[in-house]
Structure formats: structure tokens, C-alpha cells
Amino acid sequence: MAARWFAPSLVAAWGLAGGAGALSAQESECGDRASLGVRVVDDDGTASVANAVVVVRWTETERARRPVREVVGSDGRLVLCAPRDATRATLWSEYGNFSSEEAIVVVVAGMSHDVTLMLRSGRVRTGRLMGQVHDAITDDPVVAATVSVPDRLRVAETDRQGRFVLSGVPVGMQELNVRHIGYAPLSYVLEVSPGLTTDVEIGMVPAPVEMEPIVATVTRSRRLEVKGFYERRHWSELVGTGTFYTADDIDRRRPVEISHMIADESGIRLQCNARRTDCRLVNTRLSSGVTGACSLTFYVDGLPTRGIALDDVVRPSEIAGIEIYKGLASGPAEFPPSRCGLVAVWTK
């Protein structure tokens with residue numbers, strides 16, 4: 001299995017069950033909460049896939065929750081306890097540079113929900129649509145709007161933030177249809193890329209108002225999606241924990257060195273010696289205690305760059321995305337805590 005590559009056209013099968021054999025002992029630890037028993041298997045459905053990553057987003061909760069990213073065990077299995085107020089879970093599996101389409105499970109308290117994610121090799125024939133529907137005039141989220149493409153049995157419904165996910169959408173030009181009582185129906189033609197997620201922002205127009213609907217689309221970077229960049233950005237937008245830049249943002253700024261662009265952030269500055277032969281980015285709002293300057297910690301593709309200047313490691317044109325966190329509490333769980341803040345850089 002270790003030498004085998006899988007394409008991202010994956011089938012996610014899920015069902016409800018009272019127990020899952022070997023999983024039942026672990027599931028009992030969830031008490032009166034619901035549990036998800038996840039298994040990742042190969043394209044034959046017979047062999048378990050070890051070390052695959054399972055991503056779970058709990059929705060319809062009272063407060064926003066950070067998506068969970070967990071690695072399955074050597075048996076390809078994982079058990080997760082649902083938050084008490086969660087009513088739905090959206091989950092998928094990632095293996096190497098590939099990811100599956102989402103499976104959506106209606107969560108019932110006290111029950112065990114079995115989910116099997118099957119990795120299938122072969123040509124990628126589907127993509128994913130993910131986005132938000134809002135009122136084009138007030139900018140308020142439109143809740144319970146139906147989102148679909150033709151010839152598909154499944155129809156997505158927007159949540160409390162107006163967000164939706166459509167997985168397994170055939171590649172090529174597709175007509176996206178959005179409907180909600182009190183709003184003019186919307187149909188928009190967009191292109192779905194194989195194995196990639198296309199973000200969609202939709203502004204629906206109240207029925208009596210005569211104006212054109214507003215639709216904006218952008219296809220995500222597969223590398224950033226697999227690395228969890230977009231999930232962390234989504235969380236940051238809800239609670240304000242970090243600053244995120246994509247390659248398009250960097251292209252618009254056109255910095256000579258990427259450190260110059262990061263130094264433009266409030267509370268961060270570039271500190272250099274008299275000859276400007278040694279420069280480092282520091283958090284001006286915090287102090288390290290001894291030297292006074294609180295230096296940011298840097299990661300490139302998940303690896304720390306201790307003792308090496310960031311500008312010596314990567315050029316602006318080589319960067320796919322940047323995450324900037326300015327304090328200990330704001331850093332994501334994927335990186336060790338850094339009191340002075342950290343910067344995560346992902347290359348193309």
C-alpha cells in the first residue's frame with residue numbers, strides 16, 4: 001500500500017449502525033454523544049489504508065468549530081466523538097497529494113455512525129464546489145437555500161452562515177442553480193476542474209428588486225487544500241486568528257522580498273543590523289525578555305527554518321500561500337506553539 005498512488009476521484013459511502021465490531025469499545029468512550037467510526041480502504045474495498053488523514057467539519061453548532069484533522073491508525077480506522085450540539089458532519093479523506101469528495105452525515109446523539117471512505121485509482125472525473133450565498137443588498141447570509149447542478153440527485157442546502165458544499169460534480173462546464181423563497185432564482189454557468197475545489201460567492205437578489213445577481217468564482221490550489229490552508233483560513237475568518245495571502249495576493253503586491261510584504265503587517269517589522277546584512281522579522285507587540293526583540297518563527301512547507309533567513313529559502317514567485325499568526329493563542333494546532341507568533345509559507 002505504501003507504494004501505491006491514488007487519484008482524487010474517491011467514493012465516500014456512509015450509513016447508520018448501532019455499532020462497528022472492533023470499534024464499539026472505543027465508541028463507548030463518547031458516552032451519550034454521537035460517534036463517527038471512520039474507515040479508509042483501497043479501491044477494492046478490502047484493504048485498509050494506514051496513515052490517511054480524515055478531515056471532519058462539524059456544522060449546525062451553536063458556535064463555530066475548527067475542522068478536525070486526524071490520522072487513521074495502522075488498521076485504517078479512526079473514531080471521533082461529536083460535539084454535543086452538532087447535528088451534521090462533513091468529512092473526507094486525504095492521502096498523499098490527493099483528497100476525496102465529502103460525505104455528509106446527519107448526527108444523532110448517542111448513536112454510532114459508520115463511514116467508509118474508499119480510495120479509487122483512475123482518471124479524475126469530478127471536482128468540488130464550495131461557497132457562500134448572501135443577500136446581494138444587505139450582505140446577510142441566505143440560510144436554507146438549495147444549491148444544485150443538473151442531472152444530480154443530491155442537492156446541497158446552505159447552513160447558518162450561508163455556506164454549502166457540492167462534491168462529485170462532473171468536470172467541465174456546469175450550470176449552478178440556486179433557489180430560495182423570496183429571491184429571484186439564479187442560474188450560473190461555471191467550469192469545474194478535475195480534482196479541485198472551486199470557491200463560489202453568490203449574491204442573491206430579493207424577488208421584487210430588478211438587478212443582476214452577483215457571482216464570483218476562483219479555483220483553489222490543490223496543494224493548499226491538502227495542506228489544510230483553506231480550512232484554517234475559513235476558521236480565521238470566523239474568529240480572527242490570522243492573516244492569509246494566496247499567490248494572487250502576492251502577485252498584486254509584487255514584493256521584491258517576501259519579508260518586505262510580511263513586515264507591512266501591523267505589529268510586525270523588519271529589524272536589521274547597521275549594514276543590513278542580517279535582518280529578521282519581529283513582533284513589536286511582544287518582547288522575548290532578554291534581547292527585547294520577539295522574533296517570529298517560520299515554517300516552509302511544514303518544516304522550520306531555524307537559523308536561515310526566509311528570503312534565502314523562498315522567492316515570492318515560488319509561494320502558493322502564506323499564513324501569519326501574531327501570538328501564542330492564535331497559532332493553529334498543526335504547528336508547535338510560538339509565543340512571538342509564526343509564519344507558515346507553502347510553496348507551489
**Message:** Leaving out ligands, DNA and RNA, and with a 1.4 Å probe, what % of the accessible surface on the stretch 251-348 is carbon or sulfur?
**Reply:** 51 percent
**Gained length - V189 relative to E318, 0.36 nm times residue gap less alpha-carbon distance** = 43.3 nm
**R269 versus A333: modelled label distance in nm, points set 7 Å from Cα along the beta carbon direction** = 3.7 nm
**Probe 1.4 Å, protein heavy atoms only - accessible area per residue of the stretch 139-185 in square angstrom** = 51 Å²
**Fill in**
Where a ≥ b ≥ c are root eigenvalues of the Cα gyration tensor, a/c under 1.5 meaning rounded, otherwise prolate if a/b exceeds b/c and oblate otherwise, the stretch 207-309 counts as prolate
**Complete:** For the stretch 107-112, Karplus-derived ³J(HN,Hα) couplings (6.51, -1.76, 1.60; θ = phi - 60°; whole Hz; x for glycine and proline) come out as 8, 10, 4, x, 9, 9
**Asked** Between D75 and E237, what FRET efficiency comes out of the Förster formula 1/(1 + (r/R0)^6) with R0 = 56 Å and r the beta carbon distance, rounded to 0.05?
**Response** 0.95
**Request:** Evaluate E = 1/(1 + (r/R0)^6) for E212 and L303, where r is the Cβ-Cβ distance and R0 equals 41 Å; express this FRET efficiency to the nearest 0.05.
**Result:** 0.30
**Message:** Show me, for the stretch 34-42, the HN-Hα J-couplings you get by feeding each phi into the Karplus relation (A = 6.51, B = -1.76, C = 1.60, θ = phi - 60°), rounded to Hz, glycine and proline as x.
**Reply:** 6, 10, 10, x, 9, 10, 10, 10, 7
**Complete:** Residues whose modelled amide H sits under 5 Å from the amide H of A320, counting only those 5 or more places away in sequence or on another chain, are W346, T347, K348
**Complete:** Quick tally, 1.4 Å probe accessible area for M118, M211, M173, sorted with the most first, runs M173, M211, M118
**Request:** With θ set to phi - 60°, apply the Karplus curve 6.51 cos²θ - 1.76 cosθ + 1.60 along the stretch 172-189 and write out the HN-Hα couplings as whole Hz, x wherever there is a Gly or Pro.
**Result:** x, 6, 10, 9, 8, 10, 10, 9, 7, 4, x, 10, 5, x, 10, 10, 9, 8
**Item:** Debye, to nearest 20: dipole size of the stretch 185-282, +1 on Lys, Arg Cβ, -1 on Asp, Glu Cβ
**Value:** 720 debye
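The values are calculated or read from the model by the stated rules, or taken from the named source; none is laboratory data. This structure is a prediction, so every number in the text was calculated from the model and none was measured. Virtual Cβ from ideal backbone geometry, glycine too; neighbours counted across all protein chains shown. Please note that ligands, DNA and RNA were not included when accessible areas were found on the heavy atoms of the full protein model with its side chains. Shrake-Rupley method; radii C 1.70, N 1.55, O 1.52, S 1.80 Å.
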